[in-house]
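Here's the structure, in structure tokens; my notes come after.
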Amino acid sequence: MWHGCSDVSAERLDRRMGINSLVDIAKSALFTAQQAIAVTGHNIANVNTPGYSRQHVTMAENIPENGSPGQIGTGVHAESIRRSFDSFIEDQLLASRERAGEFTASSDALARLEPLFGDADNQGIGAGLNEFFGALQDVATNPSDLSARTVFLSKATALAGRFNQSAATLTAAQQSIDNQVGQTITDVNRLTSQIAGLNTKIADAESSGQQANDLRDERGVALADLAERIEISSIEDATGQLTVFAGRGHVLVDKERTYLLVGVPDLSNNGLLDVRYDAGAGPTTSLGPVIQSGRLKGLLDVRDQTIPSLRGSLDTLASELVTQVNLQHRLGFGLDGSTNQDFFAPTGTTASTIAVSLTNVRQIAASSTAVGVPGNNANALALAGLRSTDFVPFGNVTFQEYYSTIAGSFGSATQGVQRDLQAQEILHDQLTSQRGSISGVSMDEELANLLQYQRSFEAASRMIVVADEMFQSILSMKR
Amino acid sequence: MRVSDQQLFGSTTGNLQRTKERIVHAQEQIASQQRIAKPSDDPSIFGQVILDKSALADNEQWIRNIQFGTARVAVADQTLGQTQNLISRVRELAVQARSDTTSAQGRVTIAQEVRQLHRQLIQLANTEVAGHPVFAGTKTDAPPFVLGAGDSVSYQGNSESQSIAVGPNQTTQIVLPGDQVFTGPTTNIFDDLSNVLVALETNNGAGIEVGIGNLDRAIGQISLAQGQIGAIANRLDTAYGTSLVVSAAIQQALSDQTDTDLATALTELQLQETAYQATSQTFTRLFDSSLLKFLR
């Protein structure tokens, strides 16, 4: 442009206007550099914001003016501020959050049940069975000894107590998980309403052609939090609003509208909460069976499958113990000649209800014959023999073998979930790292950008000074 | 690949977290000396541990049973030895009294000692362990041998025997009922003694002669019982040895399966600590080399 200043052709007037346009160009460069610095600053400020996607300014040339010998540029403008974002990785991250949510919930819940099997420290039902049958042997070796009988009765009471305690632990765990289910339902509803609100804001902002970068990040975080709780899928419409589905096409969020999950006590399931979907009209539908992943799935699995199955196994064990011991005990005779007596209360055939009903140690039926032969231990030996007898309800194994199967399969399930969780955590870390590679803020990069834009800003400022000096030169010609 | 700050922080903290978890796990194993404390530590071994503990409890119970049985059998054996001596003494006296040189008065004097020995035999036959008679069969609530009119003794125990569990599906009799030892099966030893008494007191040489023959049969009967008790003691002893060996083997297996191997655990701990330190140090180094440092 400087060459124009010395031109004396008919275009001179235009050339003078050229100094003004130099100021305009400088101004556009100043503004754009400023905007770029602001975006860089925003990136630096949000380096630790969860879910933040790095933003960058796309710059473009201004529309040139026609002139001679050709078009002359008119400067620069910031065309758009976009966020760096890969929807494929975001989708994978969502799926990973769903599974991590599921495995975390079930792994935590199962870990809390593990103390039931304290057998490594002689604390479980297996250890209780050992003590029970051991004390019974002591009665068999010394059938007329009242102290051996007293010890046996107290060991039997302790064994029943261990069953009762285990059943109570299971019930308490189930109740605690149920509370978590209720809390998760509340969380889901809060998050869907947050997403619906953001939908509206994003549509409003983008209707005027803006990119609602930060609102989208915020919605992404809410969506990920939601995915951690329940498996979801989503579609974005042309206005940028999300429709979010859970279960089998159950709409949770439709633009600004939300549909609630409700927890309804299910009387056919001990009053535990049934996760139901409220379509806004008509009866609610149960979502439980169609939830495939997420925290709710993990919680429901442990609450409705692992715990009932464990309780069922312990009930089978307790029931067979009561039945077999009573059957044999009724055949024998106590020191006082009593016979046909139950040892365990015949009505208590579950882990929670098993109880010793015999109270008088003289009535422990160690003898196979009537009164007067306190040294007869035949029935005590037969009772003790139950320990090594295979029973049909256990699949033809002994008490201890059946119990060890229960513990073993529970251990496998717990270990399986823990391993799944570990694998999922590593996968999640990898995906997060990939996301970081695309969307994360690199301080070095931002600092380099900052320098670059700062230099642009300085150069543009310099341009204004130059233009001013040019004006001064021209004005000084008149003197 | 672009590397963002988040990535550095995220992967480093994730790695540090996992390393720390392993450190804690190794430390727990070292502190508790237990490699397997809960089912998920190793489900199949945990199931085996329950069975092993059950088998161990069985063996320890058998050992306990055998110790109890052995105590009773030892008392019975000792009593039978004393009984043998006692009968031999009676026989000696009878042989002495049989001699034609022994007067009627002398036989009556001998009879007094024999009567004492007869009473002593009742005491021996009523020997108790912890308040329970050894030779009463299973009717252990009262002394089995009761002195009746004259010198007659009646057996009030029964013919049942008590067995105890000494091994897998294995029981051993630990009681010889008194009617197999004192009042049968060959001869009633109390009757033999009282017959000698009558013969001595009635100065009946031929009767004494018959009595000595009976005493010989009595000695044979006690010897037989001693043999039986010896066989029982042997069986108990064998079973005891077996249970001890099995018990030790199970304990060893349990310890192998569940105890922490210190060398392995310490190596693991060392390894993880090193990893932790290395990660921490490289972490600091990475952030030290930021561009920010050079812009000051």
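Looking at segment A:203-211, can you tell me whether even one residue there is surrounded by 19 or more Cβ atoms within 10 Å (Cβ to Cβ) and not aromatic (Phe, Trp, Tyr)?
no
Among the residues that make up segment B:92-113, is at least one of them modelled with pLDDT under 90 and at positive phi?
Checked segment B:92-113: no residue is modelled with pLDDT under 90 and at positive phi.
Please tell me if A:Val47 is farther than 30 Å from A:Ile291 by Cα, in contact with a strand residue (DSSP E or B) (Cβ under 7 Å, 6 or more places away or on another chain) and surrounded by fewer than 22 Cβ atoms within 10 Å (Cβ to Cβ).
Criteria not met by A:Val47.
List, please: which pairs have Cβ atoms under 6 Å, are six or more places apart or on different chains, and start with a residue in segment A:440-455 that is under 17 Å from A:Gln34 (Cβ atoms) and more than 8 Å from chain B (Cβ to nearest Cβ) and end with one that is surrounded by 17 or more Cβ atoms within 10 Å (Cβ to Cβ) and of a type in the set (Ser, Thr, Tyr)?
A:Glu446/A:Thr40; A:Asn449/A:Thr40; A:Leu450/A:Thr40
Can you tell which of B:Gln112, B:Gln156, B:Gln162, B:Gln116 is within 14 Å of chain A (Cβ to nearest Cβ), over 22 Å from B:Gly230 (Cα atoms) and of a type in the set (S, T, N, Q)?
Sole residue among the options that is within 14 Å of chain A (Cβ to nearest Cβ), over 22 Å from B:Gly230 (Cα atoms) and of a type in the set (S, T, N, Q): B:Gln156.
I need the full set of residues from segment A:179-202 which are under 13 Å from A:Thr258 (Cβ atoms) and over 22 Å from the mean Cα position of the chain (by Cα), in order please.
Selection gives A:Gly197, A:Leu198, A:Asn199, A:Thr200.
Need the failing condition index for A:Glu458 against (1) more than 9 Å from chain B (Cβ to nearest Cβ); (2) touching a strand residue (DSSP E or B) at 6+ places or on another chain (Cβ under 6 Å), just the number.
Against the list (1) more than 9 Å from chain B (Cβ to nearest Cβ); (2) touching a strand residue (DSSP E or B) at 6+ places or on another chain (Cβ under 6 Å), A:Glu458 comes up short only on (2).
Conditions (1) within 14 Å of chain A (Cβ to nearest Cβ); (2) among the acidic types (Asp, Glu); (3) assigned to a helix (DSSP H, G or I); (4) more than 30 Å from B:Phe135 (Cα to Cα), marked per residue:
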{"site": "B:Asn195", "(1), (2), (3), (4)": "no, no, yes, no"}
{"site": "B:Gln228", "(1), (2), (3), (4)": "no, no, yes, no"}
{"site": "B:Asn234", "(1), (2), (3), (4)": "no, no, yes, no"}
{"site": "B:Ala249", "(1), (2), (3), (4)": "no, no, yes, yes"}
{"site": "B:Leu254", "(1), (2), (3), (4)": "yes, no, yes, yes"}
{"site": "B:Thr264", "(1), (2), (3), (4)": "no, no, yes, yes"}
{"site": "B:Tyr276", "(1), (2), (3), (4)": "no, no, yes, yes"}
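Mind counting the residues in segment B:8-37 that are closer than 30 Å to A:His428 by Cα, in contact (Cβ under 8 Å) with a residue 60 or more places away in the chain and more than 8 Å from every other protein chain (Cβ to nearest Cβ)?
The total comes to 12.
Restricted to segment A:42-79, and to residues that are of a type in the set (Ser, Thr, Tyr) and at pLDDT 90 or above, which residue is farthest from the chain's Cα centre (by Cα)?
Here the residue is A:Thr58.
Within segment A:383-392, is even one residue surrounded by fewer than 20 Cβ atoms within 10 Å (Cβ to Cβ) and touching a Lys or Arg at 6+ places or on another chain (Cβ under 8 Å)?
No: zero hits.
Given the options A:Leu314, A:Leu242, name the one that is hydrophobic (A, V, I, L, M, F, W, C) and farther than 27 Å from A:Asp86 by Cα.
Of A:Leu314, A:Leu242, the one residue that is hydrophobic (A, V, I, L, M, F, W, C) and farther than 27 Å from A:Asp86 by Cα is A:Leu314.
Anything in segment B:80-101 that is buried (at least 23 other Cβ atoms within 10 Å of the Cβ) and either within 14 Å of another protein chain (Cβ to nearest Cβ) or within 28 Å of the chain's Cα centre (by Cα) (or both)? List them, or say none.
Scanning segment B:80-101 gives B:Leu80, B:Thr83.
Please indicate, with yes or no, whether at least one residue in segment A:250-257 is in contact with a Leu (Cβ under 7 Å, 6 or more places away or on another chain) and part of a strand (DSSP E or B).
Within segment A:250-257, one or more residues are in contact with a Leu (Cβ under 7 Å, 6 or more places away or on another chain) and part of a strand (DSSP E or B).
Out of B:Val108, B:Val75, B:Val114, report the one residue that is assigned by TED's automatic domain parsing to the domain that holds B:Ser194 and closer than 30 Å to A:Asp336 by Cβ.
The conditions single out B:Val75.
Taking segment B:38-64 as the search range and keeping residues that are facing chain A (nearest Cβ under 7 Å) and touching a residue at least 40 places away in the same chain (Cβ under 8 Å), which one is nearest to B:Ala165 (Cα to Cα)?
B:Gln61
Could you identify the single residue in A:Met477, A:Met463 that is farther than 30 Å from A:Asp86 by Cα and at pLDDT 90 or above?
After applying the criteria, what remains is A:Met463.
Under 7 Å by Cβ, and 6 or more places apart or on different chains, what pairs join a residue from segment B:206-222 that is touching a residue at least 40 places away in the same chain (Cβ under 8 Å) and acidic (Asp, Glu) with one that is assigned to a helix (DSSP H, G or I) and loosely packed, with under 14 Cβ neighbours inside 10 Å?
none
Which one of A:Gly124, A:Gly161, A:Gly118, A:Gly128 is modelled with pLDDT of 90 or more and within 19 Å of B:Leu56 (Cβ to Cβ)?
Checking each option against the conditions leaves just A:Gly128.
Among A:Gln363, A:Gln424, which is the only one that is buried (at least 17 other Cβ atoms within 10 Å of the Cβ), more than 7 Å from every other protein chain (Cβ to nearest Cβ) and in contact with a Gly (Cβ under 6 Å, 6 or more places away or on another chain)?
Result: A:Gln363 is the single residue among A:Gln363, A:Gln424 that is buried (at least 17 other Cβ atoms within 10 Å of the Cβ), more than 7 Å from every other protein chain (Cβ to nearest Cβ) and in contact with a Gly (Cβ under 6 Å, 6 or more places away or on another chain).
Please tell me if A:Gly282 is on the phi > 0 side of the Ramachandran plot and surrounded by 15 or more Cβ atoms within 10 Å (Cβ to Cβ).
Considered against the rule, which asks whether it is on the phi > 0 side of the Ramachandran plot and surrounded by 15 or more Cβ atoms within 10 Å (Cβ to Cβ), A:Gly282 comes out as no.
Any idea which of A:Thr186, A:Thr104 is assigned to a helix (DSSP H, G or I), among the β-branched types (Val, Ile, Thr), out of contact with any strand residue (DSSP E or B) (no Cβ under 9 Å at 6 or more places or on another chain) and over 30 Å from A:Thr389 (Cα atoms)?
Checking each option against the conditions leaves just A:Thr104.
Got a number for residues in segment A:103-141 being touching a residue at least 40 places away in the same chain (Cβ under 8 Å), more than 8 Å from chain B (Cβ to nearest Cβ) and not basic (Lys, Arg)?
Number of matching residues: 11.
Within the bounds of segment B:169-191, is there any residue that is more than 21 Å from B:Ala76 (Cβ to Cβ), away from every other protein chain (no Cβ under 14 Å) and surrounded by fewer than 18 Cβ atoms within 10 Å (Cβ to Cβ)?
yes
Per-residue answers, yes or no, for (1) assigned to a loop (DSSP other than H, G, I, E, B); (2) in contact with a Lys or Arg (Cβ under 6 Å, 6 or more places away or on another chain); (3) surrounded by fewer than 16 Cβ atoms within 10 Å (Cβ to Cβ); (4) free of Cβ contacts under 8 Å to residues at least 40 places away in the same chain:
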{"residue": "A:Val264", "(1), (2), (3), (4)": "no, yes, yes, yes"}
{"residue": "A:Asp274", "(1), (2), (3), (4)": "no, no, no, yes"}
{"residue": "A:Gly298", "(1), (2), (3), (4)": "no, no, no, no"}
{"residue": "A:Thr306", "(1), (2), (3), (4)": "no, no, no, no"}
{"residue": "A:Arg311", "(1), (2), (3), (4)": "no, no, no, no"}
{"residue": "A:Glu320", "(1), (2), (3), (4)": "no, no, no, no"}
{"residue": "A:Leu335", "(1), (2), (3), (4)": "yes, yes, no, no"}
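Which number in (1) exposed (fewer than 15 other Cβ atoms within 10 Å of the Cβ); (2) within 13 Å of another protein chain (Cβ to nearest Cβ); (3) in contact with a helix residue (DSSP H, G or I) (Cβ under 9 Å, 6 or more places away or on another chain) marks the one condition that B:Val146 misses?
(2)
Residues A:Ser437, A:Ser412: which one is closer than 30 Å to A:Thr58 by Cα, assigned to a helix (DSSP H, G or I), within 8 Å of chain B (Cβ to nearest Cβ) and under 41 Å from the mean Cα position of the chain (by Cα)?
The unique qualifying residue is A:Ser437.
The values are calculated or read from the model by the stated rules, or taken from the named source; none is laboratory data. Note that this is a predicted model, so its numbers are computed, not measured. Methodologically, a virtual Cβ is constructed for each residue, glycine included, from the backbone with ideal geometry; neighbour enumeration extends over all protein chains shown.
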